[in-house]
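Quick note: the coordinates plus some simple rules give every number you see, no bench work behind them. What you are looking at is a predicted structure, and each value in this text was computed from that prediction instead of being measured. Cβ atoms come from the backbone with ideal geometry, glycine included; neighbour counts cover every protein chain shown.
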């Protein structure tokens, strides 16, 4: 039975000041038919908590100031501990080129840089969300 | 001919000229015929006195240092009040940030600003596992008075104007305690903080305490710069800011203060964006709107209350990862608008800010940009050098009119505090609109949607610099900062007198419960070693809420 609910995406960010991209992307995702859970400013611990409570299909994490390779391992570690390691994570914000490779190796599904066209962002997130829905319903079907 | 006949004749000539221009423009493809500023004002190819027909020099402009202050707040401009070169600084622990401050000062920066790290808003100390990964990131880790002592080590706070980027009474308390250690009386202490006007006890306690006890400290703040970064227009930057200031004013009048007790201690944090002339006009229009609103509606009499002073940071959303050295040119032009607009204090963004936080190398270039503008270009010689330009005067009037209209719209929705959510929606709508214009290519950004390079030679150059062993080309966050900071917090917690901390904490909580001003007991508590996380927890307990103000995140919600 395919899941008919709207795709749900959690958006979180790591700092207090920079939020333009966060809101622009939230609005674009909503217009593209997603249900957007606004996590606001969250620590990795908070993100995992909200992602599980809200049962989201994708987590979008906005990171500033060149620390993605520090924050993502913490996020994944927390997901390992509390569950939700299968929720795909995408990252946006300030991601230096050489860190993008590191992030993808860690398991980040996609990385968006400033001025990525909005339509491209929403389409790529939709594909990732749908893929997860499919693999989830497959594994549900396999349950006895 | 009398004056009105001259104007009529001019209008006739101008009408013929504009017809000719229209004919020329009609030969262009449709999209190239009309121009607008980013605020949406239509822009003609030429302006003349006919565009500002009822312009009155004395009423509209007067002289710098005189009402309505359109041309500037100080009579001799930068000649007597030189530009404050103030670069926002903050990374790692207080040691790293202090070192960067000294570096900047030794190269001619003459004012300071400090930004706390991303861990500091989470009601936790740096040794709390919740803020792992955020310690010393995006700013400096400041947990206790000890950190402030280290931060200000060797820095003369009588000599340099210091700005604390915090809305939190904790930062102020540490600064007051530090001044006391150095024998500086509260009545002599200068400086400023980002205590931006909002309807919470902490904000108003800070304003009230400083108005009564620290009269030279700029305790109130209108952070419209970050609102502009969020996407709003130049007119909204003025209008929303003035409306919020009015709401803060009302709240302080209710506490029994007089408008002239505090109004001159509110300062602006403002942006300088890409549209050069509109930005110059914005600073001028803001000064005029501020002076008229607070004189006419609030009865402010002290000229200092009517003088709108501004710290400016150049616009960042147009800084690009692509061709990163182009950002030097962008920020220089934005800074020119700020200086020609007469700001008091300036931060010029570094070229690498779309990639990371600035290094010594890039921060120094930002200082040099300001020094070159000041020492080499002559733009600081004359006050309001663009005053009298028909275009700039027309823009100033348009922005003034629009900003006053926005103030009315906010008032209709209950004023600057109550209508904050409405303003946020307006700001976000403007951001979405601007993004769509970039995506369509209607608004150009070199290296992003036009003049894109397959081989980015500037990026290549940056990579070469990065490979240089003795040179930090791009800042990288290190977890060593956090390890060091955790040791610093633990040291304070180990060495402090726990009983004294408990007593000070109780005293503080008692004052807050009874509605007394929280600042005096907080100063005592920080001296005993109370940490910022402990203060945040007292606030959460007393107010029986997760916290107040924009720095405490709303619980997750679905976007409506």
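Over the Cα atoms of chain B, Rg to Rh with Kirkwood Rh, two decimal places?
Numbers: Rg = 24.7 Å, Rh = 25.2 Å.
Ratio value, two decimals: 0.98.
Among DSSP bridges having both ends in segment B:78-440, what percentage is antiparallel? Round to the nearest 5. All intermediate terms of the calculation are to be shown ahead of the outcome.
Values: 0 of 28 bridges.
Once the DSSP bridges in segment B:78-440 are tallied, antiparallel ones form about 0 percent.
Consider a paramagnetic label point 7 Å from the Cα of residue B:466 along Cα→Cβ; state which residues of segment A:71-106 have an amide N under 20 Å from it.
Correct set: A:71-73, A:91-106.
Pop a pseudo-label 7 angstrom from the Cα along the beta-carbon direction at both residue B:513 and residue A:4 and give the gap in nm to one decimal.
5.5
How crowded by other chains is A:114-126, given as the mean number of beta carbons from other chains within 10 Å of each beta carbon?
Going residue by residue through A:114-126 and averaging, the value is 3.
Under a crude label model (7 Å from the Cα following the beta-carbon direction), how far is residue A:134 from residue A:85 in nanometres?
Between residue A:134 and residue A:85, the label points sit 2.4 nm apart.
Suppose R0 equals 56 Å; then what is the FRET efficiency for residue B:5 and residue A:31 from their Cβ-Cβ distance, rounded to the nearest 0.05? Kindly include the intermediate steps, with their values, before the conclusion.
Working: r = 56 Å, r/R0 = 1.00.
Rounded to the nearest 0.05, the efficiency is 0.50.
For segment A:8-142, what is the relative contact order in percent, using Cα pairs closer than 8 Å and at least 6 residues apart in sequence?
Numbers: 188 pairs, mean separation 33.5, N = 135.
After rounding, I find 25 percent.
Along the three principal axes, how long is segment A:8-142 when you take its alpha carbons, biggest first, rounded to the nearest angstrom?
Projected onto its principal axes, the Cα set of segment A:8-142 covers 43, 33, 25 Å.
Once fully extended, how much extra length lies between residue B:46 and residue B:159, figured as 0.36 nm per residue of separation less the alpha-carbon to alpha-carbon distance? Don't skip to the end; give the middle numbers.
On the way: separation 113, 0.36 × 113 = 40.68 nm, distance 4.66 nm.
So the chain would gain 36.0 nm between residue B:46 and residue B:159.
If you take each beta carbon of peptide B:221-231 and count the beta carbons of other chains within 10 angstrom, what is the mean?
Details: counts 0, 0, 1, 0, 1, 5, 0, 1, 4, 7, 5.
Shielding by partners across B:221-231 averages 2.
Out of the DSSP beta bridges found with both residues in the protein assembly as shown, what percent are antiparallel (nearest 5)?
Values: 4 of 52 bridges.
Roughly 10 percent of the beta bridges in the protein assembly as shown run antiparallel, per DSSP.
Cα centroids of segment A:56-82 and segment B:98-137: how far apart, whole angstrom?
Here the answer is 22 Å between Cα centres.
Taking 0.36 nm per intervening residue step and subtracting the Cα-Cα distance, what contour gain separates residue B:401 from residue B:35 on full extension? Could the numbers behind the result be given before it?
Working: separation 366, 0.36 × 366 = 131.76 nm, distance 2.02 nm.
Length difference between fully extended and current span is 129.7 nm.
How big is segment A:98-144 along each principal axis, measuring the range of its Cα positions in Å and listing the largest first?
45, 26, 7
If R₀ is 25 angstrom, what is the calculated FRET efficiency for the pair residue B:390 and residue B:27, using the beta carbon separation as r and rounding to 0.05? Walk me through the numbers before you get to the answer.
Numbers: r = 26 Å, r/R0 = 1.04.
The value I calculate is 0.45.
Between residue B:99 and residue B:296, what FRET efficiency comes out of the Förster formula 1/(1 + (r/R0)^6) with R0 = 56 Å and r the beta carbon distance, rounded to 0.05?
Working: r = 49 Å, r/R0 = 0.87.
Rounded to the nearest 0.05, the efficiency is 0.70.
How far is helix B:276-296 tilted, in degrees, relative to the longest principal axis of the Cα atoms in chain B, given as a value from 0 to 90 rounded to the nearest 10?
Result, in degrees: 70.
With runs of 4+ DSSP H residues as the only contributors, calculate the mean residue ellipticity of chain B at 222 nm using -39,500 (n - 2.57) per run, divided by the residue total and rounded to the nearest 500. The partial results should precede the final answer.
Values: 20 runs with 270 residues, N = 560.
Computed ellipticity for chain B at 222 nm equals -15500 deg cm²/dmol.
Which whole-number percentage describes the relative contact order of segment B:1-142, with Cα contacts under 8 Å and a sequence gap of 6 or more? Could you put the intermediate results ahead of the total?
Details: 155 pairs, mean separation 21.7, N = 142.
Dividing the mean separation by the residue count of segment B:1-142 yields 15 percent.
Give the peptides B:26-39, B:231-244 in descending order of average Cβ contacts within 10 Å, highest first. Can you show the working numbers first?
Numbers: B:26-39: 11.4, B:231-244: 26.9.
Highest to lowest by the protection proxy: B:231-244, B:26-39.
Quick one: helix B:360-375 against the long Cα principal axis of chain B, what's the angle to the nearest 10°, folded into 0 to 90?
Around 50 degrees separate the two axes.
Taking Cα centroids, how far is segment B:396-461 from segment A:113-144 in Å?
The distance from the Cα centre of segment B:396-461 to that of segment A:113-144 comes to 31 Å.
Express the relative contact order of chain B as a whole percentage, based on alpha carbon pairs under 8 Å and six or more residues apart in sequence.
Details: 916 pairs, mean separation 102.1, N = 560.
Relative contact order for chain B comes out at 18 percent.
Run lengths n ≥ 4 of DSSP H only: what is the helix-derived mean residue ellipticity at 222 nm for chain A, with -39500 (n - 2.57) per run over all residues, to the nearest 500?
On the way: 5 runs with 72 residues, N = 144.
Using -39500 (n - 2.57) per qualifying helix, the result is -16000 deg cm²/dmol.
Across peptide A:74-82, how many C-beta atoms of other chains are within 10 Å of each residue C-beta, on average? Could the numbers behind the result be given before it?
Working: counts 4, 1, 0, 1, 1, 0, 0, 0, 0.
Averaged over the peptide's residues, the number is 1.
At a 10 Å Cβ-Cβ cut-off, how would you order B:471, B:269, fewest neighbours first?
Working: B:471 11, B:269 25.
Placing the least packed residue first, the sequence is B:471, B:269.
Over all directions, how big on average is the projection of the convex hull of the alpha-carbon atoms in the protein assembly as shown, in square nanometres? Provide the component values of the computation, followed by the final result.
Working: hull surface 139.1 nm².
Across all orientations, the protein assembly as shown yields a mean hull projection of 34.8 nm².
Compute the acute angle (0 to 90°) between the alpha-carbon long axis of helix B:519-528 and the principal axis of greatest extent of the alpha-carbon atoms of chain B; round to the nearest 10°.
Value to nearest ten degrees: 50.
If you take the square roots of the eigenvalues of the alpha-carbon gyration tensor of segment B:354-438 and sort them as a ≥ b ≥ c, do you get rounded (a/c under 1.5), prolate (a/b over b/c) or oblate? All intermediate terms of the calculation are to be shown ahead of the outcome.
On the way: a/c = 2.49, a/b = 1.40, b/c = 1.78.
In terms of gyration-tensor shape, oblate.
Could you check the simple spin-label distance between residue B:185 and residue B:255, using points 7 Å along Cα→Cβ, in nm with one decimal?
2.3
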